[in-house]
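Worksheet: the structure to be examined is printed underneath.
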Amino acid sequence: MTTLRHLLPLLVLGALGACQSSTHQTSMTANEKSSGSASEAWQPLFDGKTTQGWHTYGQAKVGKAWKVENGTLHLDAAHKQDWQPGDGGDIVTAESYGNFHLKLDWKIAANGNSGIILFVQDEPTKYPNTWSTGPEVQVLDNAGHPDAKIHKHRAGDLYDLIASNPETSKPAGEWNQVEIISNNGRLDIIQNGTKVVSTTLWDDNWKKMVAGSKFKDMAGFGAFKSGKIALQDHGDDVWYRNIMIKRL
């Protein structure tokens with residue numbers, strides 16, 4: 001017959017075991033929550049209030065032609081010097097990205113031109129422009145800008161490399177949503193909910209496309225697997241908003 005005196009040691013051992021199991025379980029849960037959380041989280045690249053996290057290519061800060069207005073990042077092209085607004089220029093992110101999922105909205109003025117440029121090497125002494133190294137997702141008024149008459153230069157195209165298919169861009173003055181996914185050499189462009197470009201980066205076919213493009217004589221173009229993201233100043237009013245990224 002079991003007595004209370006015999007049960008006490010068993011009860012103590014059971015309680016200790018349960019406590020250790022609970023502690024281990026809590027620790028594992030905390031580790032599981034922290035594991036990979038940084039890479040899976042969406043990070044805003046534009047806070048809707050400031051230009052923090054951006055700078056003009058090759059400079060320390062953002063030019064004054066880029067203005068924050070009503071939650072948008074607006075390139076104000078009213079005061080041009082030559083073909084670009086004074087104190088403008090392409091702007092780039094502070095950080096570099098390799099495998100990523102980028103989301104943003106863009107709106108272009110009538111007859112306007114801009115672009116989203118990937119894998120940019122922020123070295124202006126070596127590479128004069130953002131597009132010296134970075135492939136561009138075209139932002140364009142297809143109905144009004146002369147570039148729209150050129151194959152592979154229309155909105156949603158991977159500029160001068162791959163034409164978007166189908167075409168899903170909205171007219172000037174309306175918002176378009178773009179997603180750009182770069183993952184282990186695969187690049188997908190989704191515009192207004194439809195995949196319009198899909199390609200493999202850096203393989204023989206990619207090198208052949210670059211060799212047949214206007215970038216063929218630019219050493220380093222399309223060769224880098226990580227770099228900054230740029231928004232282009234092409235001398236026309238353009239607006240961006242809801243800019244966010246997730247590392248993959």
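The values are calculated or read from the model by the stated rules, or taken from the named source; none is laboratory data. Source: prediction; values computed, not measured. Quick reminder, even Gly has a Cβ in these numbers, built from the backbone with ideal geometry, and neighbours come from all protein chains shown. Surface accessibility is based on the protein's heavy atoms, side chains included, excluding ligands, DNA and RNA. Shrake-Rupley method; radii C 1.70, N 1.55, O 1.52, S 1.80 Å.
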Could you rank the peptides 61-67, 226-232, 133-139 by their average count of other C-beta atoms within 10 Å per residue, with the highest value first? 133-139, 226-232, 61-67
Can you list the residues, at least 5 places off or on another chain, whose amide H is less than 5 Å from the amide H of residue 112, using H built in the peptide plane? 141
First obtain the Kirkwood hydrodynamic radius of the range 190-248 from its Cα pairs, then insert it into the Stokes-Einstein equation at 37 °C and 0.692 mPa s, and state the resulting D in µm² per second as a whole number. 224 µm²/s
Accessible area (Å², per residue) of the range 32-167, counting only protein heavy atoms and a probe of 1.4 Å: 47 Å²
Rounded to the nearest angstrom and ordered from largest down, what semi-axes does the equivalent ellipsoid of the range 95-248 get from its C-alpha gyration tensor (root of 5λ)? 22, 17, 16
Over the range 68-140, equivalent-ellipsoid semi-axes from the Cα gyration tensor in Å: 21, 17, 12
Using θ = phi - 60° and the Karplus relation 6.51 cos²θ - 1.76 cosθ + 1.60, list the HN-Hα couplings for the range 210-225 in order, rounded to whole Hz, with x at every Gly or Pro. 4, 5, x, 10, 5, 9, 4, 9, 9, 4, x, 5, x, 9, 8, 9
Could you please state, rounded to a whole Å, how far the C-alpha centre of the range 68-137 is from the C-alpha centre of the range 198-220? 21 Å
Using alpha carbons only, what's the Rg to Rh ratio of the range 131-210 with Rh from Kirkwood? 0.96
Among the lysines, which fall within straight-line cross-link reach of residue 214, defined as a Cα-Cα distance under 28 Å, with same-chain neighbours fewer than 8 residues apart omitted? 80, 103, 107, 126, 149, 152, 170, 195, 225, 228
Keeping the other protein chains in place, figure out the carbon and sulfur percent of the accessible area of the range 49-201, with a 1.4 Å probe. 45 percent
Whose amide H sits under 5 Å from the amide H of residue 45, counting only residues 5 or more places off or on another chain, with H placed in the peptide plane? 243, 244, 245
Calculated from backbone phi, Karplus (6.51, -1.76, 1.60) coupling profile of the range 106-112 in Hz, x at Gly/Pro: 10, 9, 10, 6, 4, 6, x
